[in-house]
Each structure stands twice: as structure tokens, then as C-alpha cells.
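So the structure is just underneath, and the comments pick up after that.
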Amino acid sequence: MDPRINEEQLMMKNNIRKMMLEKVAPIAAEIDENSNFPWSVKDLFSENDIFSLVVPPEYDGLDGKLLTLCICIEEISRVCASSSMVLGNQSLGASPIYLWGNKQQKERYLPRVATGEILPCFALTEPNAGSDVSAIQTRAVLEGDNYVINGNKCFITHAEVGDPFTVFAKVNVDGKDKLTAFIVDRGTPGLSFGKNEVKMGLRGSPTGTIILENVNVPKENILGKVGDGFRIALDSLDKGRIMTGAMSIGIAQGALDCAVEYAKARVQFGKPIAELQGIQFMLADMETSIQAARNLMLTAAYKYDNKETDMVKFSAMSKLFATDMVMNVTTDAVQILGGYGYCREYPVERMMRDAKIFAIFEGTNQVQRIVIARELIKN
């Protein structure tokens with residue numbers, strides 16, 4: 001056992017592994033095929049207090065540790081990546097409130113996050129503002145005691161079921177635009193939703209558009225203060241990137257599990273292909289890269305929980321390495337299964353499709369390299 005993982009965390013990891021194999025593995029292909037939010041998984045997580053992983057004990061959560069959350073997310077994505085997004089997005093969506101909310105905001109939302117009563121969402125990206133956050137065009141104008149928000153957000157995970165939304169908008173103060181984060185409740189007049197994207201992977205995790213037309217939000221719904229939005233976004237993404245690494249490792253482990261079992265059973269040239277050196281070398285490389293990525297992820301999560309000074313660098317490195325790794329591993333898994341790997345009879349085809357997005361969202365891997373280099377130079 002890794003010395004950073006205690007007995008309680010290991011027991012939780014094993015329990016989630018068992019639950020996923022029994023309850024979710026039989027429907028994972030169906031979740032992908034239907035391309036709908038998996039309500040049955042959400043209910044399963046609520047019934048088993050899985051959402052409590054994302055909230056600290058003082059707000060009815062578990063231990064509030066990112067390390068615990070990542071260990072469990074890995075086991076979920078090992079079976080179904082779309083299901084891991086149910087828990088992962090619960091954490092990302094709640095992170096701005098968890099990290100920057102005042103006492104009243106935390107008391108209002110976090111206990112309901114812990115039960116899964118609400119599914120918070122992180123609304124940062126816009127059609128012209130992906131990696132370049134400064135290009136955000138959504139604006140909030142103060143009118144009396146309310147801010148009136150207008151703009152569009154795109155690629156928002158679970159937009160169609162989300163509540164509340166942390167919306168990032170620019171506020172003009174003395175001629176200067178200051179990025180600010182607002183809590184916007186579902187059902188607020190003027191808040192509506194556009195199309196869901198038709199995606200290559202993570203098809204059971206809907207990604208949609210949010211439209212804000214004269215949305216009135218009270219000043220009390222500002223997170224932090226006016227101008228804190230950029231810092232709030234970065235703090236939330238530093239945490240989210242480590243979770244992205246954990247999801248990637250889980251997918252890769254699931255693909256390797258499948259490839260090993262297939263290689264042991266598939267007979268060619270009179271013997272199982274697992275005895276062929278070419279296949280053995282592929283499996284060895286897959287296992288080595290997964291173990292390396294897992295160790296880096298656990299280190300990053302440990303550093304995050306302990307607020308070590310280099311946690312930002314390790315967050316970016318974990319995301320970068322794990323998400324490049326999972327694409328390589330799932331591609332090799334498809335290769336080992338040959339024609340069967342390209343068909344939906346086996347899960348590696350779905351895993352390869354799911355894997356690609358992880359190098360894109362939560363900050364592209366090109367952005368991660370910039371973050372890592374800046375941290376090196378700064379320090």
C-alpha cells in the first residue's frame with residue numbers, strides 16, 4: 001500500500017471498486033450509447049454518500065481531502081469515465097464555493113452538495129474564451145443591489161442538470177474590467193440553455209451551453225469580491241487538474257485490465273498472444289506508464305492537501321503526464337485486441353474515445369507546459 005494512503009482510504013477505494021463492478025459495469029456501454037446524464041449513477045452515489053467526498057466535515061462531508069477523492073475517482077473511471085464525471089464535476093462545481101465562499105454561502109450550498117441534492121457547475125468557458133480567460137465577454141453591470149449579467153457560456157459540463165452555476169463575468173470598475181465570480185441559481189429569470197454538444201467520448205456526460213439574458217443576481221452572490229474571479233478560476237482548476245489526472249489513470253487501468261485478459265485468452269500461432277514478446281513489451285510499457293502517472297497524481301494530491309509551495313507545478317505535471325499517458329495506453333489496448341478492439345463488443349473502443357478529451361479540458365496540455373515552465377522560472 002502507498003504510504004500516503006491510510007487504511008480508511010484503502011477500504012473506501014475497495015468498496016467503490018466493488019460497487020462499480022456490480023452496479024455500473026453492466027450498464028457502462030448503455031450510458032455511452034444513450035448519451036444522457038446517468039441519473040441511475042447519480043442516485044447510486046447519493047445513496048452511498050459518495051458525494052460527501054467533495055465537502056469538508058463541517059458541512060456534512062467526509063474528510064475534505066483531495067487525495068481521498070482522487071483515489072475514489074480513479075476506481076470509478078476504471079469502469080466508466082462518464083460516471084467519474086458525475087463525481088468529478090460535483091467537486092469542480094463546488095470548488096469555488098468551497099474555496100472562496102463566505103460562511104453563509106457555504107452553509108447554503110455545501111450540505112446539499114454532499115447529498116447530491118444539487119449538482120453545481122463551473123461556467124467559465126465561452127465561444128471566444130477557452131485557454132485565453134482574458135477574452136471573456138460575459139458582463140455584469142451593477143444596478144441597485146443587483147448585478148445584471150449578459151453573455152454566453154459553452155462546453156459547460158452537466159449544464160442541463162446543473163444547479164447552481166459559478167458564472168465568471170467582467171465588471172467594469174473605474175474604466176477597468178475585473179473578472180468576478182457569481183453564484184447563479186438554476187431557475188433565475190433570464191438563465192436558459194442551448195444545445196448539448198455531440199461528442200466523440202464521455203457521451204454520458206452532457207456538455208452544453210448556458211445563455212444569460214439580463215440575469216439579475218444579488219450582490220450577496222459574489223464569491224470573494226469584485227476582481228477575484230481570475231484567482232478563483234485558477235484555484236479551482238489547480239484542484240480539478242489533479243482529479244483529471246486521476247480519471248485518466250482509471251481509464252488507462254481499465255484498458256490495461258481488458259488488454260491483459262484478452263491477451264491471455266486469445267490464441268494465435270498456437271499459443272496465447274500474451275506469450276508473444278511484442279505483446280509483452282506493449283503491456284510492460286502500459287503498466288510502467290500507469291504506475292508513474294499514479295505516483296505523480298498521488299504526490300500532487302498530497303501536496304495540494306498540505307498546501308505545499310510547489311503544488312501548482314505538480315498539479316499541472318500530473319494532468320499533463322496522465323492525460324498524454326491515457327491516450328497512449330488506450331490506443332495500445334485497442335491494438336492488442338486487434339479488430340475486436342475497434343468494435344463496441346469490448347470496452348477499450350469506448351475508453352479510447354473517452355481518453356482524448358482529458359488532454360483538452362481543465363486547461364490544454366500546451367497550457368500545462370506553460371504553467372510548469374513559469375513555476376520553474378519563478379522559483
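The values are calculated or read from the model by the stated rules, or taken from the named source; none is laboratory data. None of these values were measured; they are calculated from a predicted model. Please note: Cβ atoms are built from the backbone with ideal geometry, for glycine as well, and neighbour counts cover all protein chains shown. Remember, those area values only see protein heavy atoms, side chains included, never the ligands or the DNA or RNA. Shrake-Rupley method; radii C 1.70, N 1.55, O 1.52, S 1.80 Å.
What's the carbon and sulfur percent of region 175-333's accessible surface, probe 1.4 angstrom, rounded to a whole number?
55 percent
Using a basic spin-label model with each label point 7 Å from the Cα along Cα→Cβ, how many nm lie between residue 280 and residue 343?
2.9 nm
Order of 135-147, 249-261 by packing, highest average Cβ count within 10 Å first?
The packing order, highest mean first, is 249-261, 135-147.
How would you rank 84-90, 208-214, highest first, on the average number of other Cβ atoms within 10 Å across their residues?
Going by the mean number of other Cβ atoms within 10 Å, highest first, we get 84-90, 208-214.
Which of 12, 79, 278 sits farthest toward the positive end of the charge dipole of the chain, with +1 on the Cβ of Lys and Arg and -1 on the Cβ of Asp and Glu?
278
Count neighbours as other Cβ atoms within 10 Å of each site's Cβ, and list the trypsin sites (Lys or Arg not before Pro) in region 1-75 that are DSSP loop with at most 15 such neighbours.
4
In region 116-141, whose amide N lies under 18 Å from the spot 7 Å out along Cα-to-Cβ of residue 234? List them in ranges.
124-125, 130-136
What dipole magnitude, in Debye to the nearest 20, does the chain give about its Cα centre under +1 on Lys/Arg Cβ and -1 on Asp/Glu Cβ?
Its charge dipole is roughly 660 debye.
Can you name the helices of the chain, as whole DSSP H runs, whose Cα span along the helix axis is 27 Å or more and whose Kyte-Doolittle mean is not below -0.5?
Sorted by number, the helices that extend far enough and score high enough are 81-100, 229-265, 277-305, 311-337.
First compute the accessible area of region 21-133 with a 1.4 Å probe, then give the percent of it belonging to carbon and sulfur atoms.
The nonpolar share, carbon plus sulfur, comes to 46 percent.
Sort 311-321, 179-189 by the packing proxy (mean of other Cβ within 10 Å over each peptide's residues), most packed first.
311-321, 179-189
May I ask you to derive the relative contact order of region 108-214, considering only C-alpha pairs under 8 Å and at least 6 residues apart, and to give it as an integer percent?
Rounded, it is 28 percent for region 108-214.
Just the number please: accessible area per residue for region 330-379, 1.4 Å probe, all protein chains included, in Å².
It amounts to 55 Å² per residue over region 330-379.
List the residues whose amide H sits under 5 Å from the amide H of residue 228, counting only those 5 or more places along or on another chain, with H placed 1.01 Å from N in the peptide plane.
181
Under the √(5λ) rule applied to the eigenvalues of the Cα gyration tensor, what semi-axes describe the equivalent ellipsoid of the chain? Give them in Å, descending.
37, 21, 20
Distance from the Cα centre of region 233-252 to that of region 71-134, in angstrom?
Result: 11 Å between the Cα centres.
Which loop-located GluC sites (Glu not before Pro) does region 39-126 contain, where loop means any DSSP state but H, G, I, E or B and the Cβ has at most 14 other Cβ atoms within 10 Å?
Counting only loop positions with at most 14 other Cβ atoms within 10 Å, the GluC sites (Glu not before Pro) in region 39-126 are 117.
With contacts defined as alpha carbon pairs under 8 Å and 6 or more residues apart, what's the relative contact order of region 281-363 in percent?
Contact order relative to length: 25 percent.
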